[in-house]
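A quick write-up on the structure given underneath.
Read-outs: derived from the displayed coordinates by stated rules, not from any lab. The structure displayed is predicted, hence computed values, not measured ones. Cβ placement follows ideal geometry from the backbone for every residue including glycine, while neighbour counts extend to all protein chains displayed.
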Amino acid sequence: MLSIVGLTTDHGHVRALENVSFEVPAGSLTAVIGANGAGKTTLLRTLTGLTKPTSGSAHWHSHDLLSLSTEEGVRHGVAHVPEGRSVVSELTVAENLQLGALWRGKDPDVQIAREEVLSLFPRLRERLSQRADTLSGGERQMLAIARALIARPDLLLLDEPSLGLAPLVVEQIFQTLDRLRKQTGLTVVLVEQNAISALEIADNAVLLSLGKIVISGSASLIAQDTELRHAYLGY
Amino acid sequence: MRERFALNWLRIPSGMRRALLLVLVGWGLLLISDRISEFRVYQGASVATYFVAIVSIVLLTGYSGQVSLGHGALLAIGGYSAALVMQNLHWPFWIAFFAAVFVAALVGALLGVAAARLSGPYLAGTTLAFAVGLPSLANQFSFLGGEQGLPFDIGVAPSRFGENFSPYKWLFWISALFALFAVWLAANLLRGRYGRIWRAVRSDETAAALSGVNVARSKVLAFTVSAGFAGLAGALLCATVSLVTPGGFPLSLSFAILTGAVIGGVRSLVGAVIGAFTLVILPMVADAIAQGASDAVSTNLPAVLTGVLLIATIVISPGGIAESLSHLGRKIALRRQKRI
Amino acid sequence: MQQFVNTLINGASLGSIYSLMALAMILVWRSTRVVNFAQAGQAVLSTYVGLEIHRITHSYPLTLIIAIIFGALFGALVDLLLVRPLMHRVGDGPIAAVAPVIVTLGLLSAIQGFVGLIWGGEYRSFPAALSQNGFKVGLTRIPFSPFDLFILFTTLLVMLAFAYIFQRSGLGLAMRAAAFEPEVARLAGVRVARVRTIGWAFAGGAGALAGALITPTTLLAPNSLDLLLVFGFTAAVLGGLESLVGGVVGGFLLGIGLALVVTYLGSSFTFITAFVVLIAVLLLRPRGLIGQRSVRNA
């Protein structure tokens, strides 16, 4: 279980997150939704050590996430795919995948994981020897997720995977995600502005506004709350 | 509050006030020069020379945000230009000094055109290459005197200054005069239109460009002006040793100037004074430490100290001594206010 | 014709040394975004260390190997003790943009001073692996010696080793990823700071080798490698400062180009040529002669 208690993060004089507390049960998918600037990205970056928190705590099972460095977090099963299709453009698709499993060394399971990931995103298999910057936006996003999955994380933090992608591609990625977690019991925190799609596959949801939690609870309940939708999600 | 009242009471325009202040400082310096030893007078001339060189870095790096590791080369250009003018045209030294400023500024303008298009590390590397290579070039042209260099004689003081007016004192008077003139010029420049433009470009190029500043031109101008100051410093430097040689402008000179600027505070003219004193005092400190040690130690210790000081300044107080002092001053003033 | 060929091979042997220095500067630039001007100082220091080793053991292989190892260790130490803490501290201080450059200069000054302090300022000779007298072709002696051949052979070997490490090994993959996208690399579990230090170590080793190979011809003094620094930087810029292959090609181009200038125009034009080439490349082709698709800003 991921449990976050009283997390507060400042960017200079701006308070990006204020006293955020919620829990993500193991094996569930929690959507973090909210408008631009609500603090969603900051939340994920704080969890993986890319941004330093001001106060609060965050634990994944028994690991104190806030005391781990970014690279150590990965080695404790926490994968983070930041927004903007984070792949290394100068490397090939195969190299990007290899990069994700580099720290696992010669573990024979790496090959198995690689095959599984490639069958999850078959389009990547066709492009293994291409440089990542020749891929389409959707393919890059798939590669970024695949790179995270090849490390066999138990907690996946996904930041805006749908940003700037065609609806069809978004649909495909979300379906894959849904299938994946049902098969493997992966715990997912999905940050999304695209609340409709996110709430569809999520078990729980956390609605952030200006760094504070407005409401958290069952995804389907939040999706049905017309008032909330009008006030914070714009549909 | 009391100070503000005093200044208002004087009711002198600020430009005039600065000029007046400098005249007072100059008068003070001249009085002092009568009461200290010859060696100290000579060191005073060195301080003035370094000061002008450091001001040139303050203009360039502190205000325009460009780095130059090659100012030693511009000093060399100034020194050689002045020497050539004196030797071949037999003009008096003070005209030669202006020739040094002019030629160095010209070369600076050319460099500046290139520099305006280069960012940080590229500019640093290019100017470094300039500093490494240019002095060796002087070796290869006979009219520059080769390894031996050219004589650089500013003569002796006119007889009306009296019999016991030593050459060192004469040197000091000239250096101090030019340094005061330089600081007057720099202060006016920095407080004026171009100072504002440079500051704007340094803090945000895009924003400056959007508000109508010609960024490239402002950078070229900064390089030109800075090179002019460097040329003057070069001529002064050669005057202190009565000689201009290729060996007189090693890479370590460029580094020393930069060090002085950084240690004093790369954004302040007061910092330039502190930096200039530091550069003259540093070898004395090294000498004191190396007392009794071998020659190798005493000649190389200054370089070690320079490097260590440079690194320490960047790590401990990137704004230099001047900024630290003004922070301290503000703190003390604040505490006093609280007490009242 | 004979003279032209001689010039070419001679230039190639010099150029291979420039390539090594360029590699050193590019390795550091890619990993840390700092042009390390102290590289000349580090190389001088390791060359003096080599000289001491030679004085004691009279063994050239040992001299070379220990100089390289020392250079690598020293490079790693510079990163660990100076650059890493500095990057944390300066952040966005008043002179953040120029601070790293100034610190490497401070280091250069400190090292050169230190070297002079220990070993004095006079020029010293440094041993060469093989004879520096040119080969005989027919009756004439050409200006290409067994030692030149050794230089070419050694640097090519080192470059092949680098190419293998970077293109084929996991460490190389981590180094490339850390250079291009440090954040993505960290998220993939790469210990970026450690990889960076390894980059500094490689650079220190390459610089040390460059120093040890060029010094038999130039003699050794505290600042005798300043020119190598300038040529190495020029070669790196020729290659775009970003690509290792570019740096190697840049080094060979510069070496051969300068050799041609010396042969046909005279040695007084070497520096002017290098400087003009440097400025011309920077102004006309800031991505280097071997154009790369993506150029990153400092």
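Mean-square fluctuation check for chain C, GNM, Cα pairs under 10 Å: which of C:Thr140, C:Thr57, C:Thr32 is largest?
Checking each option, the largest mean-square fluctuation is seen for C:Thr140.
So for chain C, averaging the separation of alpha carbon pairs under 8 Å that are six or more residues apart and normalising by length, what relative contact order in percent results?
Once divided by the residue count of chain C, the mean separation gives 36 percent.
Among all the aspartates and glutamates, which ones have a C-alpha under 15 Å from B:Lys169's C-alpha, if same-chain residues fewer than 8 places away are not counted?
List returned: B:Asp34, B:Glu38, B:Asp153.
Please average, across the residues of A:94-102, the number of beta carbons from any other chain that are within 10 Å of each residue's own beta carbon, and give a whole number.
5
Treating cross-link reach as a plain straight distance, find the lysines whose alpha-carbon is under 21 Å from the alpha-carbon of A:Lys52, omitting any fewer than eight places away in the same chain.
A:Lys40, A:Lys212
If you average over every viewing direction, what projected area does the convex hull of the Cα atoms of the range C:198-237 give, in nm²?
In nm², the orientation-averaged hull projection of the range C:198-237 is 3.0.
Quick one: P(r) of the range B:180-237 from all Cα-Cα pairs, 10 Å bins, percents rounded to integers, in order of increasing distance.
Percent of pairs per bin, in order: 22, 47, 24, 7, 0.
Over the Cα atoms of chain C, what Rg and Dmax result, in angstrom?
Taking only Cα atoms of chain C, I get Rg and Dmax of 19.0, 66 Å.
Where does each of B:Asp287, C:Asp226 land when they are ranked from fewest to most other beta-carbon atoms within 10 angstrom?
B:Asp287, C:Asp226
Rounding to the nearest 20 debye, state how big the charge dipole of the protein assembly as shown is about its Cα centre with +1 on each Lys and Arg Cβ and -1 on each Asp and Glu Cβ.
Charge dipole of the protein assembly as shown: 1660 debye, to the nearest 20.
With +1 on each Lys and Arg Cβ and -1 on each Asp and Glu Cβ, and nothing else charged, work out how big the dipole of the range B:93-202 is about its Cα centre, in Debye to the nearest 20.
Roughly 760 debye, rounded to the nearest 20.
Taking a ≥ b ≥ c as the square roots of the eigenvalues of the Cα gyration tensor of the range C:1-112, is the shape rounded (a/c under 1.5), prolate (a/b larger than b/c) or oblate?
Oblate.
Using +1 at the C-beta of Lys and Arg and -1 at the C-beta of Asp and Glu, which of A:Ser57, A:Ile196, A:Leu102 has the Cα lying farthest in the positive direction of the dipole of chain A?
A:Leu102
Can you work out ³J(HN,Hα) from phi for every residue in the range C:66-76, in order, using Karplus 6.51 cos²θ - 1.76 cosθ + 1.60 and θ = phi - 60°, giving whole Hz and x for Gly and Pro?
Coupling constants for the range C:66-76: 5, 4, 5, 4, 4, x, 5, 4, 5, x, 4 Hz.
Taking the alpha-carbon distance from B:Lys331 and a cut-off under 19 Å, which aspartates and glutamates remain once sequence neighbours fewer than 8 residues away in the same chain are dropped?
Here the aspartates and glutamates satisfying the reach criterion relative to B:Lys331 are B:Glu3, B:Glu323.
About the Cα centre, and with charges only on the beta carbon of Lys, Arg (+1) and Asp, Glu (-1), how big is the dipole of the range C:19-225? Nearest 20 debye, please.
320
Order by neighbour count: A:Asp178, A:Asp159, fewest other Cβ atoms within 10 Å first, most last.
A:Asp178, A:Asp159
Nearest 10 degrees is fine. How inclined is helix C:146-168 to the longest principal axis of chain C, computing both from alpha carbons?
Taking the Cα atoms of chain C, the angle to C:146-168 is about 20 degrees.
Between the range C:1-26 and the range B:194-231, what is the C-alpha centre distance in whole Å?
40
Using only Cα atoms, find the angle between the long axis of helix C:270-284 and the longest principal axis of chain C, and express it within 0 to 90 degrees, rounded to the nearest 10.
For C:270-284 against chain C, the angle is about 40 degrees.
Starting from the Cα gyration tensor of the range A:37-112, multiply each eigenvalue by 5, take the square root, and state the resulting semi-axes largest first in whole Å.
Semi-axes (√(5λ), whole Å): 26, 18, 9.
Whole number please: convex hull volume per residue of the Cα set in chain B, in Å³?
Considering the Cα atoms of chain B, their hull volume per residue is 183 Å³.
Considering only C:Ile111, C:Ile256, C:Ile56, give the residue with the highest GNM mean-square fluctuation for chain C, with springs between Cα atoms whenever their separation is below 10 Å.
Most flexible of the set in this elastic network: C:Ile56.
Cut-off is 10 Å between beta-carbons; in what order do C:Thr217, B:Thr61, B:Thr245 appear when sorted fewest neighbours first?
Starting with the residue having the fewest Cβ neighbours, the order is C:Thr217, B:Thr245, B:Thr61.
Find the percent of Cα-Cα distances in the range B:81-186 that exceed 17 Å, and round it to a whole number.
When all Cα pairs of the range B:81-186 are counted, 69 percent exceed 17 Å.
For chain B, with the dipole built from +1 on Lys and Arg beta-carbon atoms and -1 on Asp and Glu ones, taken about the Cα centre, which of B:Val41, B:Val58, B:Thr127 lies farthest toward the positive end?
After comparing all options, I get B:Val58.
Under a plain spin-label model, where a point goes 7 Å from the Cα along Cα-to-Cβ, how far apart in nm are B:Ala216 and B:Val308?
Distance between label points: 4.6 nm.
Among residues other than C:Arg168 whose Cβ falls under 12 Å from its Cβ, what is the net charge (Lys/Arg +1, Asp/Glu -1)?
Local net charge: 0.
Sort B:86-97, B:314-325, A:147-158, C:13-24 by the packing proxy (mean of other Cβ within 10 Å over each peptide's residues), most packed first.
My ranking of the peptides, most packed first, is C:13-24, A:147-158, B:314-325, B:86-97.
Apply the a/c threshold of 1.5 to the C-alpha gyration tensor of the protein assembly as shown and tell me whether it is rounded, prolate or oblate.
Verdict is oblate for the protein assembly as shown.
For n ≥ 4 DSSP H runs only, could you compute -39500 (n - 2.57) per run for the protein assembly as shown, divide by its residues and tell me the 222 nm figure to the nearest 500?
-20500 deg cm²/dmol
Antiparallel as a % of all DSSP beta bridges within the protein assembly as shown, to the nearest 5?
60
Would you please give the FRET efficiency between C:Val137 and B:Gln291, computed as 1/(1 + (r/R0)^6) with r the Cβ-Cβ distance and R0 = 60 Å, to the nearest 0.05?
That pair, C:Val137 with B:Gln291, gives E of 0.55.
Across peptide A:84-91, what mean number of C-beta atoms from other chains lies inside 10 Å of a residue's C-beta?
5
Taking the C-alpha atoms of the range C:131-272, how large are the radius of gyration and the largest Cα-Cα span, Dmax, in Å?
18.3, 65
Would you work out which of B:Ala290, B:Gly248, B:Ala261 lies farthest towards the positive end of the dipole of the range B:211-340? Charges go on Cβ: Lys and Arg +1, Asp and Glu -1.
Farthest towards the positive pole: B:Ala261.
Is there a simple number for the mean count of other chain Cβ atoms within 10 Å of the Cβ of residues in C:226-239, and what is it?
Shielding by partners across C:226-239 averages 3.
What percent antiparallel are the DSSP beta bridges of chain A, to the nearest 5?
Within chain A, antiparallel bridges account for around 55 percent of the total.
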